[in-house]
Amino acid sequence: MAASIPGIGRILCRVSPLLLQNIRQNKRLPVRLWTQPVFPGVQSSLSLCTAASSEFHSDAAEAVEALARYKDKPWDYLESEEYIELYGTSPVWSDYRRNHKGGIPPQKTRKTCIRGDKICGNPCPICRDSNVIIHYQNVKLLQQFISPNTGIVYDPTRTGVCQKQQKQLNQAIGAARDHGLLPFQVPHVDFSGEDYSNCHDAVGSTPPPPTMTSGDPWYRWYHTIQPDETEVAKVKKTYKAYLK
């Protein structure tokens with residue numbers, strides 16, 4: 001190993017003048033020719049960086065285009081080929097498993113998966129896919145979080161959705177039910193044994209009170225009260241302009 005190090009140094013010393021000469025010659029050439037390899041058979045690193053950057057920009061442009069495509073109509077994403085390829089016919093939360101310490105999962109989901117520009121390591125089923133947008137008209141997405149048997153919204157500990165997205169889900173489901181897009185169950189109450197007619201004893205046969213028929217006042221002591229003459233005189237003096 002020690003003998004090979006001087007040999008490598010001698011090779012580098014021989015190659016470096018040729019490399020510097022080629023670089024000086026390429027500086028005088030147009031920018032388009034810099035992508036050509038310095039040595040025949042060896043691809044330059046600049047061309048690799050240019051290809052990688054162009055590929056990155058193309059992927060970013062596709063992501064931005066996809067976001068703009070489903071922003072106004074998020075329900076179209078659930079019928080697209082991208083969604084079917086990722087999830088198939090299963091809900092978005094079916095294959096989600098949260099990372100946690102120990103064998104017992106946490107009793108509550110995290111408050112939020114995105115804090116500013118930072119995203120947690122294992123975001124919830126809604127935060128991990130930017131095309132999954134909660135909206136009250138996105139009925140197919142909302143139905144994935146509602147039990148088909150009871151009509152109750154699934155608990156976030158089952159779906160793994162963070163508390164922030166769960167709050168938005170509850171609001172969207174309530175708005176969808178108010179707009180008639182989602183059904184909701186009203187508890188059935190049997191009133192067959194109740195009598196709502198006015199012919200039963202509690203209504204039809206109850207006699208009115210005797211004070212209402214005789215013309216007497218409701219309170220018998222009402223006529224026995226005599227007002228104070230001084231107080232009556234004060235009232236008449238105060239409102240004498242209105243008593244004419």
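The values are calculated or read from the model by the stated rules, or taken from the named source; none is laboratory data. A quick note: this is a predicted structure, and the numbers were derived from the prediction, not measured. Neighbour counts are summed over all protein chains in view; Cβ atoms, including those assigned to glycine, are modelled from backbone coordinates with ideal geometry. In case anyone asks, the SASA skips ligands and DNA or RNA and just uses the protein heavy atoms, side chains included. Shrake-Rupley method; radii C 1.70, N 1.55, O 1.52, S 1.80 Å.
Between ILE146 and residues 5 or more places away or on another chain, which pairs have amide H atoms under 5 Å apart, with H built 1.01 Å from N, and which residues are they?
Answer set, sorted by chain and number: TYR154.
Under a point spin-label approximation (7 Å from Cα along Cα-to-Cβ), what is the TYR242-GLN168 distance to one decimal in nm?
Label-label distance for TYR242 and GLN168, simple model: 6.2 nm.
Restricting to DSSP loop positions (anything but H, G, I, E, B) with no more than 13 other Cβ atoms inside 10 Å of their own Cβ, which chymotrypsin sites (Phe, Trp or Tyr not before Pro) remain in the range 131-201?
Filter output for the range 131-201: PHE184, PHE191, TYR196.
Along the Cα→Cβ direction, 7 angstrom out, place labels at LYS71 and ASP178. What is the inter-label distance in nm?
My value for the distance between the label points is 2.6 nm.
Arranged from highest to lowest average of other beta-carbon atoms within 10 Å per residue, in what order do the peptides 116-122, 138-144 appear? Intermediate results must be reported in sequence, preceding the final value.
Working: 116-122: 9.3, 138-144: 17.6.
Ranked from most to least packed, the peptides come out as 138-144, 116-122.
Need the full-extension length gain, GLU81 to ASN99, defined as separation in residues times 0.36 nm minus the C-alpha distance. One decimal, nm.
Taking GLU81 through ASN99 to full extension adds about 3.6 nm, to one decimal.
Taking all protein chains in place and a 1.4 Å probe, what share, in percent, of the accessible surface of the range 74-191 do carbon and sulfur account for?
Result for the range 74-191: 52 percent of the exposed heavy-atom area is carbon or sulfur.
As a test of reading the structure, rank ARG115, ARG98, ARG220 by solvent-accessible area (1.4 Å probe, protein chains only), most first.
Sorted descending by solvent-accessible area, the residues read ARG220, ARG115, ARG98.
At 1.4 Å probe size, with every protein chain present, just tell me what the per residue accessible area of the range 77-180 comes to in Å².
Roughly 63 Å² per residue, with all protein chains present.
When the Karplus curve 6.51 cos²θ - 1.76 cosθ + 1.60 is applied with θ = phi - 60°, which whole-Hz ³J(HN,Hα) does each residue of the range 217-231 get, with x for Gly and Pro?
Going residue by residue, I get x, 5, 9, 6, 7, 5, 7, 7, 7, 10, x, 6, 5, 5, 5 Hz, with x marking Gly and Pro.
Of the listed peptides 233-240, 164-171, what is their order by residue-averaged count of other C-beta atoms within 10 Å, with the highest listed first?
So the order, starting with the most tightly packed, is 164-171, 233-240.
Please list 3J(HN,Hα) in residue order for the range 122-132, calculated via the Karplus relation 6.51 cos²θ - 1.76 cosθ + 1.60 where θ = phi - 60°; whole Hz, with x for glycine and proline.
Each residue's phi maps through the Karplus curve to give 10, x, 6, x, 8, 6, 6, 10, 5, 7, 7 Hz.
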